Amino acid sequence: MLKKIPEWFWMIGGASRFFAGLDAAERSIVQRHVQIGHDILRESSSRFVQLAAGRVGQLLNLSALGADAGVSAPTAQAWMSLLEAGYIVHRLP
């Protein structure tokens, strides 16, 4: 269940200028992604993020990462995309 993110949330942190320029529909989309990301990271963050962090400086094999974390490769890809979107992970080309 999605919860309404308080108005003050949009004005804190380094991204406040970005969020300040969003209209209500755009904020709703961001809110949904933030909530989904929060749910994913809350459920399995420690294991998945720790395993991903252990692969720093290596070629990323999402199938192996997913298997180690106990999820499928597509799920690992989705979670990695969320980590990238949140500027937690940056993949080099």
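A few notes on this one:
- Checking Leu65, Leu41 one by one, the residue that is at pLDDT 70 or above and surrounded by 12 or more Cβ atoms within 10 Å (Cβ to Cβ) is Leu65 and no other.
- Any hit, segment 2-14, residues being surrounded by 13 or more Cβ atoms within 10 Å (Cβ to Cβ), aromatic (Phe, Trp, Tyr), out of contact with any Pro (no Cβ under 9 Å at 6 or more places or on another chain) and at pLDDT below 65: yes
- Any hit, segment 50-71, residues being closer than 22 Å to Arg32 by Cα and free of Cβ contacts under 8 Å to residues at least 12 places away in the same chain: no
- Among residues of segment 41-93, those that are in a loop (DSSP other than H, G, I, E, B) and either among the charged types (D, E, K, R) or under 23 Å from Gln31 (Cα atoms) (or both), counted: 7
The values are calculated or read from the model by the stated rules, or taken from the named source; none is laboratory data. Keep in mind it's a predicted model, so treat the numbers as computed, not measured. Don't worry about glycine lacking a Cβ; one is built from the backbone with ideal geometry, like all the others, and counts go over all protein chains shown.
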